[in-house]
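**Q** Let me begin by handing over the structure; questions about it come next.
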Amino acid sequence: MKKLITTTVILSAMFLLAACGNSSSNGEPLQVYTHNDSEEMDAMVQDIEENTGVQLDVLRLSSGEGWSRIQAEAPEIGADMQIGMLHGFGIKAEEEGYLLPYQSEEWEDVPDKFKQEDGEWYGTSFWYNLIAVNEDIIKEKGLDVPQSWEDLLDPQYKGEIVLPDPGTSGTAFLAVSTIMQLMGEEEGWKYFEELDSNVAQYTKSGTAPAQMVAQGEYAIGVTWDQAVYDYIEQGYPITDVIPSEGVGYSLDVAWIFENTDQPEKAKKVMDYLGTKDFMELSAEYRSMVTKPGVTDDSGIEESFIDYDAQWDADNRDRIMKKWQDKFSD
């Protein structure tokens, strides 16, 4: 009888410890990397947590910094997921074997061009470069409103242009890659050498030029679409210009890291990212999302160049090294 009681107590204790262990594991936040702006990501985190029950612990880094961190940490990457990153880095992460394939049913109606065929990454939205112009400064200094990439080389804009640094900003690299694909590399480098004489400052963030132009620090900034539209909505004297030669665009992608120790939680979050509810929230911060029927992108696509994201992925490191050699202090 004593032996039976002792065995029962031991088994009960084991079940209790196992339950406690599972509870602790379930309560551990999902570690997430992102390049999204803080305001956007804060809203997304709240929405994801409320609708999945999964708690997120988010580290925000610019896209260039984030990719450098991932490479330094691999193969034991310090996050379970990436929510918000450049398409080109998604392709590179796939090629490096960093990603966990997952076929999510919630993403079935999203067009194939916005997701990797094995489910290694998924695109939630896409964005493009814009030229931001401060209308007050343009008028006060008697400057012309630039209408093209070529116009930015005009000497009248010397010291009036702010541009993000492609070494840290995905927004900037998209612009660099766009020019290279439009003009070819030889002419592209000549373009940026000439543009450099007009650039007053290179910023770490791709959104910073929009803010600086909106607040009257500079007349012109190269940035991305939603950053400009946000300041327009807030009443700043800023307007947007889509260069006449066209703009490149990039998917904003999400993925699960292959080395995650919380795959079920990560899959639950990835499922939710593919829902109409999440896409509608994303559309409050992005001009276009990938879920059919949520945003109308029929007009802007006419301004997109035939952007090659694979070229972006294959040539980024080489282009960035040459950029640093030419333009970094």
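**Q** List the relative contact order of region 270-322 as a percent without decimals, with contacts defined as Cα pairs under 8 Å and 6+ residues apart.
**A** Across region 270-322, relative contact order equals 20 percent.
**Q** Within 11 Å, Cβ to Cβ, of residue 153, how many net charges do the neighbouring residues add up to if Lys/Arg are +1 and Asp/Glu are -1?
**A** Taking every other residue near residue 153 into account, the sum is -4.
**Q** Still on this structure: Do any of 204/276; 92/268; 92/291; 268/322 go past 30 Å between their Cα atoms, and which?
**A** The pairs that break the limit, which is 30 Å between Cα atoms, are 204/276; 268/322.
**Q** What is the sum of charges, Lys and Arg at +1 and Asp and Glu at -1, for the other residues whose Cβ falls under 11 Å from the Cβ of residue 138?
**A** -3
**Q** Explain nothing, just the number: relative contact order of the chain, from Cα pairs under 8 Å at least 6 residues apart, as a whole percent.
**A** So the answer I get is 26 percent.
**Q** Related question: What distance in nm lies between label points placed 7 Å from Cα along the C-beta direction at residue 190 and residue 324?
**A** Distance between label points: 2.8 nm.
**Q** How about region 260-294: which GluC sites (Glu not before Pro) there are in a DSSP loop, with at most 11 other Cβ atoms within 10 Å of their Cβ?
**A** 284
**Q** How tilted is helix 309-327 with respect to the longest principal axis of the chain? Cα atoms for both, answer in degrees (0 to 90, nearest 10).
**A** Helix 309-327 and the main axis of the chain meet at about 60 degrees.
**Q** Angle check, please: helix 170-183 long axis (alpha carbons) against the longest principal axis of the chain (alpha carbons), in degrees 0 to 90, nearest 10.
**A** Tilt relative to the chain: about 50 degrees.
**Q** Counting DSSP beta bridges with both partners in the chain, what percentage is antiparallel, nearest 5?
**A** 60 percent
**Q** Among the GluC sites (Glu not before Pro) in region 113-200, which ones are in a DSSP loop with at most 12 other Cβ atoms within 10 Å of the Cβ? Mind listing them?
**A** In loop regions of region 113-200 (DSSP not H, G, I, E or B), the sparsely surrounded GluC sites (Glu not before Pro) are 117.
**Q** How large is the convex hull of the C-alpha atoms of region 55-175 per residue, in Å³?
**A** It is 169 Å³ per residue.
**Q** Each label point is 7 Å from the Cα along the Cα-to-Cβ direction; what then is the distance between the points at residue 156 and residue 118, in nm?
**A** 5.4 nm
**Q** Under a plain spin-label model, where a point goes 7 Å from the Cα along Cα-to-Cβ, how far apart in nm are residue 49 and residue 65?
**A** 2.2 nm
**Q** So what does log10 I(q)/I(0) come out to for region 25-113 at q = 0.11, 0.18, 0.20 Å⁻¹, using the Debye formula with one equal point on every Cα and no solvent?
**A** Values returned for q = 0.11, 0.18, 0.20 Å⁻¹ are -0.34, -0.95, -1.15.
**Q** Quick one: angle between helix 185-196 and the longest Cα principal axis of the chain, in degrees between 0 and 90, rounded to 10, please.
**A** Once rounded, the angle reads 70 degrees.
**Q** A further question on this structure: Among (i) 23.1, 99; (ii) 18.3, 55; (iii) 25.4, 79, which one is Rg and Dmax of the Cα atoms in Å computed from these coordinates?
**A** Only one option fits the structure, namely (i).
**Q** With r defined as the distance between the Cβ atoms of residue 204 and residue 301 and R0 fixed at 35 Å, what FRET efficiency is calculated, to the nearest 0.05?
**A** Computed FRET efficiency for residue 204 and residue 301: 0.70.
**Q** Considering amide H positions built from the backbone, and no H for Pro or chain starts, which residues 5 or more places from residue 55, or on another chain, come under 5 Å of its amide H?
**A** 30
**Q** Tally Lys/Arg at +1 and Asp/Glu at -1 over every other residue whose Cβ is under 11 Å from the Cβ of residue 205; what's the total?
**A** Around residue 205, the charge tally is -1.
No value in this document is a laboratory result; all are computed from the given coordinates. Remember, it's a predicted structure, so these values are computed and weren't measured experimentally. FYI the Cβ positions are ideal-geometry reconstructions off the backbone, even for glycines, and counts take in every protein chain you see.
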